[in-house]
Amino acid sequence: MSDDPEGFRLTDHDAIEKMAGMLYARRVLVVAREQRAGSDGSTAKSEPIPVAYPLSERITHAPSSSAKPVTVEDPPTFDHRNDPVVQAAALVAAANDAKPFCAECEKAKAAAAGGTSN
């Protein structure tokens, strides 16, 4: 090992990881202390932090009777005749046999082999 202190430096990421491990293992504890008053017993008073949008300034509106909930018709994604279990089995079988799943794949396979397919 070198006596060079630069050789013992951790990257920021490594230091944070090491500190997190020590905190988790309770080898390092963080203790917070309250700020105490000065020697004369006085404390510095600070202005309260203003609230962004206080409740006292908010206006509440009664729900409008003309606003009716909109019903959105969401058509089914798949045809009702589709059986997903059968479809999945067909895709798995085709993959196991190295067969193409679709016409586009078949065209690409034929083009790679030098033939044409319609």
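Values for this structure:
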| read-out | value |
| --- | --- |
| Chain lengthening between LYS68 and ALA88 when straightened (0.36 nm per residue, less Cα-Cα) | 3.0 nm |
| Cβ-derived FRET efficiency at R0 35 Å, ALA95 paired with ASP14, nearest 0.05 | 0.20 |
| Highest average packing first - 29-35, 82-88, Cβ atoms within 10 Å | 82-88, 29-35 |
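Quick note: the coordinates plus some simple rules give every number you see, no bench work behind them. Everything numeric here is computed off the predicted structure, so don't read it as measured data. For neighbour counting, all protein chains shown are included, and Cβ atoms are generated from backbone atoms with ideal geometry for every residue, glycine included.
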